[in-house]
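Novice: One structure follows; several queries about it will come next.
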Amino acid sequence: MKLTYISNEDYTLEDLYLQDIQNQKYCIFDFEATGIKYKDEYITQIGAVMFEDGQILEGKTFNSYVRSPKPIPEKVEQFTGVNNEMIKNAPDISEIYPEFLKFIGDAVLVTHAGYEFDLPLLKKECDNNNLKMLNNVTLDTKALFSYLHPEINEIIWTDFLIKFYEINDDDIKRHDALDDSIVISRIFKKILTEFEKRNIRDLDINKPINVKRFKIKPL
């Protein structure tokens, strides 16, 4: 996979191949953090749910708060619902990361805006703690949607996809890592349905596709 940032507003993705996309074992994941600028922030919650045979396996989940060396700012606490009391006695990243790796196994990972945030944040955490960065194939729902819909030239927020696919999220607590993973899995299921309807069996992004980068919204 090759990711190229071409401006503050766009990146391109190419050289991504995944065979038989309908029959892979997937793990959809999400992180909460102390903030949105990954170079300066730390993971505070890891959530994940398994997805197999086209079904979201809500009985197979991973959820843990993570003790951060940096306090969560008050505005971020209010936005995510994750507060400093919750993470005070939580395991640090060195303790919980091996458990996360065990949970995901060899599954293909799926996230939203993960190419821009979750993966660089995790890489920074791994580098800081002498941990081996995971090497699972990772898909990003933003990029997958942009691949299917190059005619849509706007930022593909989670809320955009919820509205586009008419997904019910009334039972979801947004900005909780596990609940957001379930929302992403519902989005991913819709995306897989689009691939099936277009008779696309293998994901083969061999030429650059353009993806709009998210913009940091002030809290």
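Novice: Kindly provide the set of residues from the range 104-122 that are more than 11 Å from D140 (Cα to Cα) and of a type in the set (G, A, S), ordered by number.
Specialist: Matches in the range 104-122: G105, A107.
Novice: Continuing with this model, one more query. E166: part of a helix (DSSP H, G or I), open to solvent by 20 Å² or more (accessible area, probe 1.4 Å) and among the acidic types (D, E), yes or no? Break it down stepwise before answering.
Specialist: Details: part of a helix (DSSP H, G or I): no; open to solvent by 20 Å² or more (accessible area, probe 1.4 Å): yes; among the acidic types (D, E): yes.
In short, no.
Novice: What is the residue count in the range 137-163 for residues that are without any contact (Cβ under 8 Å) to a residue 12 or more places away in the chain and either part of a helix (DSSP H, G or I) or β-branched (V, I, T) (or both)? Break it down stepwise before answering.
Specialist: Of all residues in the range 137-163, those without any contact (Cβ under 8 Å) to a residue 12 or more places away in the chain come to 149, 151-152, 159-160, 163.
Checking which are either part of a helix (DSSP H, G or I) or β-branched (V, I, T) (or both) leaves us with 152, 159-160, 163.
Adding up the residues that qualify gives 4.
Novice: Right, here's the next one. Suppose we filter K217, K189 for residues that are under 19 Å from F29 (Cβ atoms) and either surrounded by fewer than 17 Cβ atoms within 10 Å (Cβ to Cβ) or in contact (Cβ under 8 Å) with a residue 24 or more places away in the chain (or both); which single one remains? Talk me through it step by step, then tell me what you get.
Specialist: Working: K217 fails: under 19 Å from F29 (Cβ atoms).
Only one candidate passes the filter, namely K189.
Novice: So which residues in the range 118-139 are charged (D, E, K, R), farther than 14 Å from I36 by Cβ and crowded, with 20+ Cβ neighbours inside 10 Å, if there are any at all?
Specialist: Matches in the range 118-139: E125 only.
Novice: In this structure, does Y115 turn out to be open to solvent by 30 Å² or more (accessible area, probe 1.4 Å), in contact with a strand residue (DSSP E or B) (Cβ under 6 Å, 6 or more places away or on another chain) and in contact (Cβ under 8 Å) with a residue 40 or more places away in the chain? It would help to see each step written out before you state the result.
Specialist: Numbers: open to solvent by 30 Å² or more (accessible area, probe 1.4 Å): no; in contact with a strand residue (DSSP E or B) (Cβ under 6 Å, 6 or more places away or on another chain): yes; in contact (Cβ under 8 Å) with a residue 40 or more places away in the chain: yes.
Here the answer is no, as Y115 does not meet what is asked.
Novice: Something else: Of (1) assigned to a helix (DSSP H, G or I); (2) within 28 Å of Y42 (Cβ to Cβ); (3) in contact with a helix residue (DSSP H, G or I) (Cβ under 9 Å, 6 or more places away or on another chain), F195 satisfies all except one. Which?
Specialist: Failing condition for F195: (2).
Novice: Okay, moving on. In the range 150-163, what residues are surrounded by 16 or more Cβ atoms within 10 Å (Cβ to Cβ) and in contact with a strand residue (DSSP E or B) (Cβ under 9 Å, 6 or more places away or on another chain)?
Specialist: Within the range 150-163, just I156 meets the criteria.
Novice: Name every residue in the range 75-107 that is closer than 15 Å to H175 by Cα and either part of a helix (DSSP H, G or I) or among the basic types (K, R) (or both), in order of residue number.
Specialist: So in the range 75-107, the residues closer than 15 Å to H175 by Cα come out as 75-83, 86.
The answer is K75, V76, E77, Q78, F79, T80, M86.
The values are calculated or read from the model by the stated rules, or taken from the named source; none is laboratory data. Predicted model only: the values in this text are computed from it and were never measured. Neighbour counts run over all protein chains shown; Cβ positions are idealised from the backbone, glycine included. Remember, those area values only see protein heavy atoms, side chains included, never the ligands or the DNA or RNA. Shrake-Rupley method; radii C 1.70, N 1.55, O 1.52, S 1.80 Å.
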